[in-house]
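Novice: Structure provided below as structure tokens; questions to follow.
Nothing in this text is a laboratory measurement; each read-out follows from the coordinates by a stated rule. Since the model is a prediction, treat every value here as computed from it, not as a measurement. Heads up, the Cβs are rebuilt from the backbone with ideal geometry, glycines too, and the neighbour counts pull from every protein chain shown.
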Ligand code: ADE
Ligand code: ZN
């Protein structure tokens, strides 16, 4: 506990944070009122107020139970200014916890399906990114995630549009990822999409081994040739030693989210997060918040929760935070500045 001020002051990088997952219930209700979006409060009493929503977020059964709230929540994002306000609020919070570099996810298909243009979303996030750099000296990158519970065709369409708009080529989008329900959507389903991204020289990551088996992690590496794995926690908790050594020797970054894993019942408690195993096996990893507004903790709360259970030393934490910076997708020059 005495390390909390140290952990707060430590310069950090975050790699696994969904901008839509940083939508706090208070802003959610504000935007619903502004945009005349009707929340399903007649069928789900949790939508009665920000307080009841916060309460409901305490009892997610699993990933899909959370995702139901996540997709309803983000339906209040309509105007460009909503997306900008959302991103800037997260950057402000992250900067206050000494996040110096953030690589953030967003889910365009969940908005374009409601009639919001991809350019509206992206240009608004860009405005927030520019303000974060000016106001906090914080660098940020956008990772466009595609939704795995929807057909491949929609993902390909969104990817193609982003590519044709020049967002990958001009660096507006730093990488492509994939998220949403994991089982039963094994990585090989998305081979064509990932092949196309690779062919265009686009960085690739995917959520795998969160609820899904270690096999999904191996498949993501073998079939999709991803450069990073988001979560991957089950490779560790199931003790897939062959996969663990493979991740270690390939230096593949796992973007881990301990509080999220507990809240979504992927692990029973923070004490059972495989932190010591990650360190002992020499797997590269970073500690992240995933969906902080839904899981009740930003990056610092994740660092502190681990510290409560594992009582690491200052040197261990310096190594973890430094590892998060070195594992980032910013330029080498920026990494040097950050260290
Ligand atoms: N979308 C937002 N958060 C997610 C998570 N933890 N897993 C899969 N998809 C997500
Ligand atoms: Zn995630």
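Novice: When 316, 135 are ordered from fewest to most other Cβ atoms inside 10 Å of their Cβ, what list results?
Specialist: Numbers: 316 15, 135 12.
Going from sparsest to densest Cβ surroundings: 135, 316.
Novice: Something else: Could you work out the helix-only [θ] at 222 nm for the chain, with each DSSP H run of four or more residues adding -39,500 (n - 2.57) and the total divided by the number of residues, to the nearest 500 deg cm²/dmol? List each step's numbers first, then the result.
Specialist: Numbers: 18 runs with 170 residues, N = 339.
Roughly -14500 deg cm²/dmol at 222 nm, from the helical runs in the chain.
Novice: Work out how much length residue 242 to residue 281 would gain on full extension: take 0.36 nm times their residue separation and subtract the Cα-Cα distance, in nm to one decimal.
Specialist: Additional length available on full extension: 12.9 nm.
Novice: Between residue 131 and residue 33, what length in nm is gained on full extension when 0.36 nm per residue of separation is reduced by their alpha carbon distance? Don't skip to the answer; put the middle values down first.
Specialist: Details: separation 98, 0.36 × 98 = 35.28 nm, distance 2.58 nm.
Taking 0.36 nm per residue and subtracting the Cα distance, the gain is 32.7 nm.
Novice: Using R₀ = 22 Å, calculate the FRET efficiency as 1/(1 + (r/R₀)^6) where r is the Cβ-Cβ separation of residue 152 and residue 61; round to 0.05.
Specialist: Values: r = 28 Å, r/R0 = 1.26.
Computed FRET efficiency for residue 152 and residue 61: 0.20.
Novice: Express in % the proportion of alpha carbon pairs of the chain at distances exceeding 35 Å.
Specialist: Values: 8691 of 57291 pairs.
In whole percent, the share of Cα-Cα pairs in the chain beyond 35 Å is 15.
Novice: While we're looking at this one, here's another question. Would you mind computing, in nm to one decimal, how far apart the modelled labels at residue 170 and residue 8 are, each placed 7 Å from Cα along Cα→Cβ?
Specialist: Label-label distance for residue 170 and residue 8, simple model: 4.0 nm.
Novice: Using alpha carbons only, how many angstrom separate the centre of the range 81-102 from the centre of the range 270-306?
Specialist: If we compute the Cα centre of each part, the gap is 20 Å.
Novice: May I pose another question? Using Cα pairs under 8 angstrom and six or more residues apart, how large is the relative contact order of the range 262-339, in percent? Write out the running numbers ahead of the final one.
Specialist: Values: 43 pairs, mean separation 22.2, N = 78.
That works out to 28 percent.
Novice: Arrange 17, 138 by Cβ neighbour counts within 10 Å, fewest through most, would you?
Specialist: Numbers: 17 24, 138 19.
With the sparsest Cβ surroundings first, the list reads 138, 17.
Novice: What's the extension gain from residue 309 to residue 195 if we count 0.36 nm per residue and subtract their Cα-Cα distance? List each step's numbers first, then the result.
Specialist: Working: separation 114, 0.36 × 114 = 41.04 nm, distance 4.10 nm.
Going from the current span to full extension adds 36.9 nm.
Novice: To make sure I understand, if each residue's beta carbon is the centre and we count other beta carbons within 10 Å, what order do 190, 317 fall in, fewest to most?
Specialist: Details: 190 23, 317 19.
Exposure proxy ranking, most exposed first: 317, 190.
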